[in-house]
Structures are given as structure tokens and as C-alpha cells.
Amino acid sequence: MKIDLTVNGQAASGEVEARTLLVDFLREQLRLTGTHVGCDTSQCGACVVMVDGKSVKSCTMLAAMADGCDLTTIEGLANGAELHPMQQAFMDNHGLQCGFCTPGMVMSGLDIVNRHGRELDAATVRRELNGNICRCTGYQNIVKSIREGARAMGD
Amino acid sequence: MYSFSYHRPASVAEAADLIANAADGKLVAGGQTLLPTMKHRLASPSDVIDLGAIAELGGIVVNGNIVTIGAMTPHAEVAASGEVQEAIPALAALAGNIGDPAVRNRGTIGGSIANNDPAADYPAAVIALGATVRTNRREIAGEDFFTGMFETALEEDEIIVAVDFPRPEAAAYMKFENPASRYAIVGVFIARTAVGARAAITGATDCAHRAHQLEEALANDFSPAALDDFQAPVDRMNADIHASAEYRAHLVRVMAQRAVAACA
Amino acid sequence: MREQGIGASVRRKEDQRFLLGKGRYTGDINVAGQTHAYFLRSPHAHAVIEGIDTSAATAAPGVVAVLTGDDLAADGIGPLICGVTVTSDDGEPHRAPAHPALAQGKVNYVGDHVAVVIAETLTQAQDAAELVDVKYRPLPAVSSTGEAASEGQQQIHDVAPDNVCFNWPFGDKAANDEAFASAHRISSIELTNNRMVTNPMEPRAALGEYNSGTEEITLHMTTQNPHVHRLVLAAFNQLAPEHKLRVVGPDVGGGFGAKIFVYAEELVVGWACRKVNRPVKWTGDRSEAFMADAHGRDHVSRAEMALDENGRFLAMRVQTTANLGAYLSTFSTMVPSYLYAFLLAGQYATPLIYSEVKAVFTNTAPVDASRGAGRPEATYLLERLVDVCAADMDLDPAEIRRRNFIPKDAFPYQTPVVQCYDSGDYEAALDQAMELADYAGFAARAEEARSRGKLRGIGFSSYVEACGIAPSAAVGQLGGGVGLWESAQVRFNPTGNVQVFTGTHSHGQGHETTFAQLVCDQLGVPFENIEVIHGDTARTQFGMGTYGSRSLAVGGVAIAKACDKLIAKGRKIAAHAMEAAEGDIEFADGNYTVAGTDKSMNIAEVAFTAYVPHNYPEGVEPGFDENAFFDPMNFSFPAGTHICEVEVDPDTGVVEIADYTAVDDFGKLVNPMIVEGQVHGGIVHGIGQALLEGCRYDSDGQLVTASFMDYAMPRADNAPDFRVGYAPTDPPHNPLGVKGCGEAGAIGAPPAVINAIANAIGARHVEMPATPETVWRACQSAA
């Protein structure tokens, strides 16, 4: 079946099987490999993307379900080489190590800002990150990055 | 995942038609349980009927003392709804603590109760609040809806349209989370209503159920202390690597007492 | 200090690509004509395979090939090897059962590899795998570590009676027994060290390509040590001659040990791509990681300490049973032996230590190194025992540690268990940690917690570890099959920028930044003009890879030595160009200067001259590109004290980490930001082991914790912010003055957490993971 959607501000379309997962469509057909797959039980959050402005685990959504939707992936945040304030905050605060969970963390961070605003306390960020698993960082610097990124988004 | 035919009907009638005519059809709401199951090849429906495009299934309406939540309303929307927060704050809080934020953006109340996972949160609210499940055919009392592990009163091709929650005087849900899945190891929903206390338990047994014994214990004294001697039946409790039956029974009391305290 | 040199918290070079979604992990790579591999795995823990019928699968749509162990054997590929020999108490080498990459007649754990299906698409391969007809005859399974060697258990391997791989005693038993006989008091503890699934966030993957024209195999894979993989695959698994095999570890999403080893999947992919003459890609999913990645830990131990009347340690004895799983993974035998028993002295001057390790086979996934590897097990046992000693002697846990610490003027200190610690000041770390943690204020905090119905406890952990894994001679004496030096090449390009080739591999550690800082500092080249290259056997010379917190302590020194050579060569070139004597040339901040003059030449100009040697010193080779190898004299011995405070809810047993302080001695810090990140990650890994993570098999050998739904990984809300401090000492054997830091947290944290819980609830011991139910039950019995 054919799907048409908007990805990172650009029209995209593709021929998919009904069983094609959104994440596979993004990675294999659109070659947007920044979105990762770290588990098969919808828990690690490495695959989080924005669908119509809301965070979604793209491993737990069919590509067909995204027909007509407006998607943002990690590749859609920066302006060329100029990082989005949330991305910049991750760099400034050493919010990533191996980088594998990072795209999902950044997208979830943006979703937290959307729902809780730009002044975030650490407890809120820690609670709201419970759908994203990182093995490297111990989370402290991710929490710091999201809080600082949130503040910087208004600047 | 096995292959299947995908349908995206625009109305409940069309969806009902599709499911009735499918060899082995499956309705999908948010897909947060069905899709992982299918990914592991543990389900192989011939047809998947996506309810996501049916506008009449969404939305939250408060009418007098009834809070109506459309079946396809995602948890995040319930959690963030000012109207729900005002009318039944415990329901908004419950919705806001299901799974994780991304799951809450997709998962829906209709999907949750139709799936009836024994550790899901919503069933406890539906039962304890005395909600009514409205389908494309009839109305089902919340208490009668959940019939067994992953089983409900729904017919094969019946579709949930909305759930009507009567506003309680006070209510609270206390969930003891599985540290891995974040499902309820034990969840206790307590409501204080005009006609007395109502209670429901999820996670502890094979199916969410009304907790008459808790209600009786609270009938004359709606206080945590009234449950000091409460004992949940150990032999009915689930047991797994995360919690033994004895521990679950203990948690039922502790969560119930905390819920009662939170109703104050 | 240069702005981006040693000691600066420079932002990481690697972050830009990761943050843009432009990382390039193995799963991101696709090549023309690629096929997909799917492994058919055993659903049984232990079974004889009576037959495999692949005909229906082979005929299925899109299937290119269905390959089994017979095909592998016919081509002479494999078996998988274990590279470290441990001599058992009968004088024989450890029992080493054959480890075919695809089963031959028998499966020995759930997830064991039965066949591989190669098809045009992954779903076609999965669909076809369901058509492979395998006739199993199930056998009784062995899954319990403690009972694997007991009488009446099913024997798994013909070569290993009683399922014993080795019995390995170490130390002077007679002297030890004598000390125990005259002790004032004996304290003892029995405990398990829970089995862990290492779980780097990127599951393993491999992409094999074969060029029939050059007969070269290129294997992109999730590896922490590409050259070691190539060496083993070539020399022991007969995949291809070493010069016809290229192993590339591109961006790798975490390792923590799990990507050190030579596994079946990567070998089979490399072999299959030649067999079907098409590229073959395998991307493991998390379920496969749970089943078939090497797991970690899994010990059952008893330890006793003989004490004098002042609480001084006279002697310690330890009995440990270590589960190695169904087969021996690449370095498995080393973990519960050399990496474990040789660390049992910890920070203490215990004069006598005797240990007996029994390593057993079970019908579970192979067990091998996982963040810390052996050292967390030793530290947990020792630091729990020390707290029990403190309780028995009615001493403060800080005081008993202090009384038994190796004093700072005793270094180098020869322990009774082989290791000779090079430097340390354990009391300094303890003092600083107590200060940072406000130990003096603990009683008031506990009191305040009690008013909220919570039990607050405090726990200490004073650890030492041997990392910076090397030196080669020591490893060789111990039965290791490899050298453990490291290599580096530092190359100036004619235009003055620098490429640094390292044999280590970065999969989160930030080598591209840290190593560039070293070079920036030493050569005075701008940070942005330095590129660190790793992970490709076709680009870098042979190196040993990254594990055991060795990359900076060993690999970093190799880089510094290569820089030394460049500086020396440059001096000759600069002297010639500036018409001065070589002895008059000084080098600083990237400039060669004629002493006492303002004549100078930048190192970039020297590099250009070396490549365009028109005016050049006689006898000096052109080019500006140097190699170095470094084989250290000793291990690196980071140490520190961690203090954890917990609050326990006695009604539910829920434990909250209320506060956590880590003071570590990592020697000199090159990039404090990165070091602190390593500390954070290690601590949470350790908190995961202490509170959440426990891999479980049932008595039939079925994996019960087979996904993140049942195996609890630590998340952001499981820990607070940490207090981190440093109490550095200067390791005399390390030219850079650095120690390893990547594993320390995972080593220090588990006992700190459990000691805090035991303190909170007044229990002698609480097993890991200290789940709410475990703690609730302990509260019940303590009450």
C-alpha cells in the first residue's frame, strides 16, 4: 500500500506492506537511520519520533498508521550544522555517550518541554523519561541537558 | 510480524462491517499492546482494523456528573484534560501514569479495557467508579465488563464507543509498579460515592475485580485504620518473579490504605 | 594547561554526528544485493537434535539458503574458542567442551543456534525459519549455579564430569587455616552475586560482504576490539586468512563487555556471505540479546574473615561457585579466577587470603566479562563481609575500614593475591567521601526520615580494582593467549592536520575527544585539526581494543609515545631548517625554537618540510608519521570510597537511593567532564545490579527475564544526582599518570547500596537485587 506523509517538513511517500513498522519505513526506505531500535517490547525509547507534534515509539506504530501525518525525527531538528537548543544542551552537558539512545532522549526531551514548559525540575524530567533507557550515562547529565535545553529553547 | 490486511475505516459502522466480515480480524486502537504481540508473532490476525480515523470515537465530554471519555482518547489526553482533572482527578492521575509518555500518546482507554490485561490500570477505575462501557450495540456496567484474564463481555465484533464515569465525591488510585514493565503489580482504586465506598483491585489476580471486602471494611469508617486488619486472600493472588502471592496480598492492604488516605 | 588540552572538559567531537542522527552504527549500513539472516534458536535448555529438515524452508519465497551445523563443519569453520587457560586442581587444564557456532546434534541453552536462514528480506527469513523442522529430544536441564555440580545432576558435556569446568584453589591454605584457628573472632557471610544481562542499548549486529575477486571478507560488526575479532576469526575459526579479513566496528552503541567476544552470529554471517556469495546482514533484536549475549556475574559464595581483638583482619577465606553457562565464551574462564580472586585483598592489608573457585557448566547462556568482570564480584563479597565484621566487632563501618587500610606509605604494596598495587591513598578518599556525604549529619537525617515512617541507612564501599588491562607478560603467565599492549600511530598530513590511529575502540567513552586532547596538549596542534580514527582493521594497525578500562591507561600512553617520536624527529628537521644544532632546539606549544633566539618553526611547517624535503637533514627519512606500542609494567589500580544513603519504606520494601557520594582515585583526569560521565554511568549500572537487575532461569532452564518487561533496567527515576569527588594519586608505572575509570562505579556501587539497606533495616544481609519484596521480607525478619 502507498502512504504519503510529511517528514521533517518535506513530503515523503512510499510503498509499504501493512506489517511495515514506522521505524522500519523511516530507516530502510527514507534512510533516516538516526531513529534507532533498542528493544522489541516498546520500552527503550530509542525509536521515539514526533507524530503530529507528539512523541511516539515508532517501533510500535505501523507505517500505514502514519499516512497523512506530520513527522519529525532527530534529523529534522538542526538547521544545517547548527544544533537545535535541545541538541546543543546535550552536547554542552555531556548528555550522551555511545549515542544510541540519544535521538530518542532528545525527542522525549522536546515532548517534555511541550507538555511541562521550559522551567523543568529534575524530578519531573526523571519521571517523564521513564520510557527511555540509557545504559551509558547514569541519566544525570541527560536530565541536566533536558532542563538546560528547555530553558534555551525560549532564547 | 505475519502479514495481514490493513483497514482504516472512517466510521464505527464501517469498522463493525469490516470486523464482521474478516476471517480473523482484530481491532486496533493505539496498538501499544497488539503491535508488540504481533511483532513477536504471538498473534496473527488476517485483518487489522485501525480505529484511529474514526472521529466519533474521540474526545472528552463532561455532562453534569458524568465524564464521558471516547474510546479512542489517548491516555495523555485524559491525563492533561482540565475537565477530567477537575471532575475526577484520580482518573486523570491514573491515565498520566500508564506506561510512559510516548505510550500514553498512542494508547487509548478503549484499547486498554478491551485488552483487559490483568495488570492494566484503567479496569480498576472503570469498576471502582461504577462506569458504564458504551458500545456500538449496548451499554455494559463496568463491573460486568471484565470477565477474565484478557477477556471481556465484548462480542467478537462489538466496538467500544465511550466510557461514562460518574463523578465520585472523592477517589484515589494507588499503583505499586512492576519496576521493569511499569504495569501494576497491585493497583487499588478507591472511590467515595454518595452510596458508599467502592473499591477495585488490579494486578493482584487474574482479572481486575470489584473488592467487596474492602468496601465493607470501609462502609462505616472510611479511614486507613479501618483496613488495618484487612487481609486479601493469598490463594487468589498472582505469583511471579516480581512478587509472591503473599507479598501481593500484603500490598493490596497497603495500597488500599494509601488510596483511602489520599481520598481525604 | 591548553584550553583544549589535558585537564579541560572539552565538548566531545563525536557528539555532533550523534545529535544530528548521523551516527553510523552497523544496523545503519546497507549494501547493494544484501540478504538478511535470521537465526533459528533452540526453545529447549537442553536437548538432543535428532534431525533437522530444512527442505520446506529452503523452498520458501525469497530464501537464499538455510544452513546448519553440518554445513559449517563441512566447511571447517569454528568451533568458538576460549582464550584463557585455568589449571584445575588436578593439574589439568579447565574442561573445554566443543562450542560449535551452529549446533551439532545437541543444544545446550535456550537461544542456542540451530540454523541460519538467509533470505531476500528479514520477514522472509523469519517466515521460512518457522518451516525448519527440528526434532528435539529434550533432556533434563541444569540451571542452578549452586546445584550444578551436585550429585544427581544431569551432565551437560561429556568432557566435564559433575558439570565442573575447573576447581581452582589459590593461596596458602595451611597458613590461612592456622590464622583462623587462633582468631579472636570469625565473621562470615554467604551470598549470591546476581546474574546480569549486560544490555548495551544497541543490540549486536553484523554485515558480511565477500568479494570473490579479491577473496576478501569485510565484516562490519558491533565490536569493542576489531583486531581481536579478526585474529580469532582467522586463526582459530578458519573464517579467512587474517590479511583477507577486514573487521570494522563503526559506531558502536555501548559494549560494557558484551561486544568483546567472538559469538556464533558474527562468525556465521562472515562465513555465509562467502557461501551464498551475497552480502549477509544480521541485526539482533533485544530478545536475542537476552538469550544469546554473554551474561555477567552469577556467583554463589561463602566468605569468612578472621579478626583480632581490635578488628584487624588476620586472614580471609572464600569459596565461590561461578556459573559459566553452557559453553565457554571467549574470556570466560579468566573472569571468576584471575580477575576475581586476585582482587580479594581490596583496600586492606589482610596478610593471608585463600580462595577456592569452582566453575560450573549449566544450561544457560555463556557467562563472560561484563562491566567490571570479576572485580565487582570480589568487591561485593569483601565489602559486605567487612560490614558484617564491623557489626560483629561493634565498630563503625568507616572505622573498621580505616583500621585495615593499606597505609599510603606502604605503596607499592604487594598483596597476598599476586597484585602489587602501585599507588593509593585510601584514607584520603574515605575522608573526602565522608565529608562530601556529611557522615556526621547522618543520624539527624535518619531521625528525620523516621518521622516520615522511612528507614534511612548509610553504606560504605571502599573498592580497588585492577584495570588498564595488560601487562602482556603477566597475562601470559596466567594462561592468557594474547598480549595486552596497545598501539598508536600519529600521522601528520602535509597540510599540518593530524590523524591519530588507535588500536582501542570507542563505543561511548569519547576517545575521539580525550585522545585528541592528549595530542593537542603534547604537539600543540589545534584540537579541531586532530582526528582520532579507530575500529577498522584496514585503517589502523593491530591493537587490542577496549575493555577493562584500558584505553587511556594503555592506548593513551601509546599515543603519547608516538608523539614523542614525532617531536624528536621534528627536532632534527627544524634544526636543519633553522641552521641550528639539534641540541639547541626546544619544543613547546607546537613550536620548535632555537634556544635563546626568536627563531622558531611551527610543527605544521616541520610536517610540510618532512613531506616536501627539498631542504632536509641528511639521513632523516621523509614523512611525519610515527608508530608506537606500549606494554605497561603493571595494571592500573583505581580505588575509592562510595557512600550510599537509602530510604526504605518498611510497608512495601521499596528502596529509594536518597544520596550517593563517590570519591575516586583515577590519577590525572584528561577530560573531567567525560570522567564524571563514566562515574555516573557506572554507579547506575551498579545500582541496577543492587536493586533491579537479576537474570533468572527457571528449573527447566527457560529464561524467565527475557525482555525489558521482566528484566528491570535502571531508569532516570531510579537514582538521584550524585556527589562526585576525586582523591588522585600518581601511578608510577603510567607515563601519563592516569588510571582507568569506566568500571569503577559498577564495582563500587553494589556493596554501598546493599550495606546501606542492611544498615537501614538492621539486617545482616539482603540479597541482590534488593527488590521491594526481598527488602520487605528482610524487614519482617529483622523486626
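Bear in mind these aren't lab numbers, they're just calculated from the coordinates by the rules spelled out. Everything numeric here is computed off the predicted structure, so don't read it as measured data. No Cβ is skipped: glycine too gets one built from the backbone with ideal geometry, and neighbour counts run over all protein chains shown.
Before moving on, here are some points about what is shown:
- With only the Cα atoms considered, the range C:132-254 has a convex hull volume of 255 Å³ per residue.
- Residues of the range B:164-178 with amide N under 19 Å of a point placed 7 Å along Cα→Cβ from C:Arg696: B:176-178
- The C-alpha radius of gyration of the range A:2-76, expressed as a fraction of 2.2 N^0.38 Å, stands at 0.96.
- Prolate/oblate/rounded label for chain C (Cα gyration tensor, a/c 1.5): oblate
- Averaged over peptide C:649-659, the number of partner chain Cβ atoms lying within 10 Å of each residue's Cβ comes to 2.
- Here A:Arg31 and B:Ala80 are evaluated by their C-beta separation; at R0 = 41 Å the FRET efficiency comes out at 0.75.
- Alpha-carbon Debye profile of the range C:417-571, log10 I(q)/I(0) at 0.16, 0.18 Å⁻¹: -0.93, -1.05
- Approximating the spin labels as points 7 Å out from Cα along Cα→Cβ, the C:Ala32-to-A:Glu119 distance works out to 5.9 nm.
- Our estimate of slack between C:Glu215 and C:Arg403, defined as 0.36 nm per intervening residue step minus the Cα-Cα distance, is 61.3 nm.
- Modelled label reach - C:Arg764, point 7 Å along Cα→Cβ, the range C:178-210 residues with backbone N closer than 18 Å: C:184-193
- Estimated FRET transfer efficiency (C:Arg539, C:Ala56; beta-carbon r; R0 51 Å; 0.05): 0.70
- Approximating the spin labels as points 7 Å out from Cα along Cα→Cβ, the A:Ser13-to-B:Asp17 distance works out to 2.6 nm.
- Modelled label reach - C:Asp589, point 7 Å along Cα→Cβ, the range C:500-523 residues with backbone N closer than 16 Å: C:520-523
- Rounded Å value of the spacing that divides the Cα centres of the range C:334-352 and the range B:88-153: 55 Å
- Restriction of the trypsin sites (Lys or Arg not before Pro) in the range C:40-113 to DSSP coil positions whose beta-carbon has at most 15 other beta-carbons within 10 angstrom yields no sites.
- Straight-line cross-link partners of C:Lys569 among the aspartates and glutamates, defined as a Cα under 19 Å from its Cα and at least 8 positions apart when in the same chain: C:Asp521, C:Glu579, C:Glu582, C:Asp584, C:Glu586, C:Asp589, C:Glu605, C:Glu618, C:Glu621, C:Asp625, C:Glu626.
- Low-density loop positions, trypsin sites (Lys or Arg not before Pro), the range C:429-501 - DSSP coil, at most 14 other Cβ in 10 Å: C:Arg452
- Each Cα pair of the range C:667-783 feeds into the Kirkwood radius, which the Stokes-Einstein equation turns, at 20 °C and 1.002 mPa s, into a diffusion coefficient of 131 µm²/s.
- Those lysines that a straight Cα-Cα span of less than 25 Å connects to C:Lys244, excepting residues fewer than 8 apart in one chain: C:Lys259, C:Lys275, C:Lys281
- At an R0 of 56 angstrom, the distance between the Cβ atoms of C:Arg452 and C:Cys420 translates into a FRET efficiency of 0.70.
- For the range B:170-263, the fraction of alpha-carbon pairs in successive 10 Å shells from zero, as %: 19, 54, 24, 3, 0
- Over the protein assembly as shown, volume per residue of the alpha carbon convex hull, in Å³: 182 Å³
- Placing pseudo-labels 7 Å out from each Cα toward the beta carbon at C:Asp564 and C:Val704 gives an inter-label distance of 5.5 nm.
- Principal axis box of the range C:617-740, alpha-carbon based, largest edge first, Å: 81, 39, 25
- Residues of type aspartates and glutamates that B:Lys39 reaches as a straight line, Cα spacing below 16 Å, ignoring anything fewer than 8 places off in the same chain: A:Glu17, A:Asp24, A:Asp40, B:Asp47, C:Asp127, C:Glu130, C:Asp285, C:Glu288
- Sorting C:135-141, B:190-196, C:576-582, C:299-305 by average packing, meaning the other beta carbons within 10 Å per residue, from highest down gives C:299-305, B:190-196, C:135-141, C:576-582.
- Among the GluC sites (Glu not before Pro) within the range B:125-193, those in coil by DSSP and having at most 14 neighbouring Cβ atoms inside 10 Å are B:Glu155, B:Glu156, B:Glu169.
- Per-residue shielding of A:16-22, expressed as the average number of other chain Cβ atoms within 10 Å of the residue Cβ, stands at 5.
- Shielding of C:507-515 by partner chains, average beta-carbon count, 10 Å: 2
- Hydrodynamic analysis of the range B:6-61 uses the Kirkwood radius over alpha carbon pairs. Inserted into Stokes-Einstein at 20 °C and 1.002 mPa s, it gives a translational diffusion coefficient of 182 µm²/s.
- Anisotropy class of chain B from Cα gyration tensor, a/c 1.5 cut: prolate
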